[in-house]
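Nothing in this text is a laboratory measurement; each read-out follows from the coordinates by a stated rule. The structure displayed is predicted, hence computed values, not measured ones. Here the Cβ is made from the backbone with ideal geometry for all residues, glycine too, and neighbour counts use every protein chain on show.
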């Protein structure tokens with residue numbers, strides 16, 4: 001009897017992973033789309049987090065970074081302050097791990113910048129804001145206007161420009177990047 005239940009649990013776990021892979025199938029465009037929908041929708045944030053949990057992406061992958069960023073969205077939607085802090089802690093751990101394995105990825109850096117720049121500094125979760133900003137700006141400076149992700153990169157540059165974390169030289173550079181990516 002015990003073996004029967006163990007078999008059913010194992011089969012169920014395998015089916016969950018297969019279902020997650022069918023939903024996203026390694027297509028980062030779908031994850032990006034769902035992440036944007038989850039920004040202001042708690043139900044969609046939970047759904048995306050559950051799907052990414054089932055997918056169990058490898059640590060250095062963009063999917064893994066989105067898993068962490070989605071956990072930060074759960075913090076945004078949570079009511080309980082302790083739950084918020086737990087979500088943020090796990091989210092930053094995932095983002096830090098992804099970036100440790102893929103440090104030049106602009107998209108991962110932007111996710112961590114967004115999470116950390118939204119946190120009160122006294123919580124100690126804003127350690128990488130300036131480092132991420134520099135890597136993002138340096139990376140965006142080398143992006144061609146014909147890049148397939150230019151709308152996303154323009155969004156990154158525009159949002160960092162709007163943040164309170166830029167000096168005048170960085171604002172000028174980001175403004176130039178926005179103009180270049182608008183062409």
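Where does helix 150-162 land angle-wise versus the long Cα axis of the chain, in degrees 0 to 90, nearest 10?
Tilt relative to the chain: about 70 degrees.
For the stretch 38-102, what relative contact order do you get, as a whole percent, if you take Cα pairs closer than 8 Å and at least 6 residues apart?
Relative contact order here is 35 percent.
Over the chain, what is the relative contact order in percent, taking alpha-carbon pairs closer than 8 angstrom and at least six residues apart?
Dividing the mean separation by the residue count of the chain yields 13 percent.
Quick one: grab Rg to one decimal and Dmax as a whole number for the chain, Cα atoms only, in Å.
18.2, 69
Taking only Cα atoms, what is the 0 to 90° angle, nearest 10, from helix 42-55's long axis to the longest principal axis of the chain?
70
Where does the chain land at 222 nm, in deg cm²/dmol rounded to the nearest 500, when only DSSP H runs of n ≥ 4 count, each adding -39500 (n - 2.57), divided by all residues? Mind dumping the intermediate values first?
On the way: 9 runs with 138 residues, N = 183.
Helix contribution divided over all residues of the chain: -25000 deg cm²/dmol.
Ratio of alpha-carbon Rg to the 2.2 N^0.38 Å globular estimate for the stretch 128-183, to two decimals, please.
Normalised by 2.2 N^0.38 Å, the Cα Rg of the stretch 128-183 equals 1.02.
Any idea how far apart residue 56 and residue 93 come out in nm if each label point goes 7 Å out from Cα toward Cβ?
Each label point is offset 7 Å from its Cα along the Cβ direction, giving 1.7 nm.
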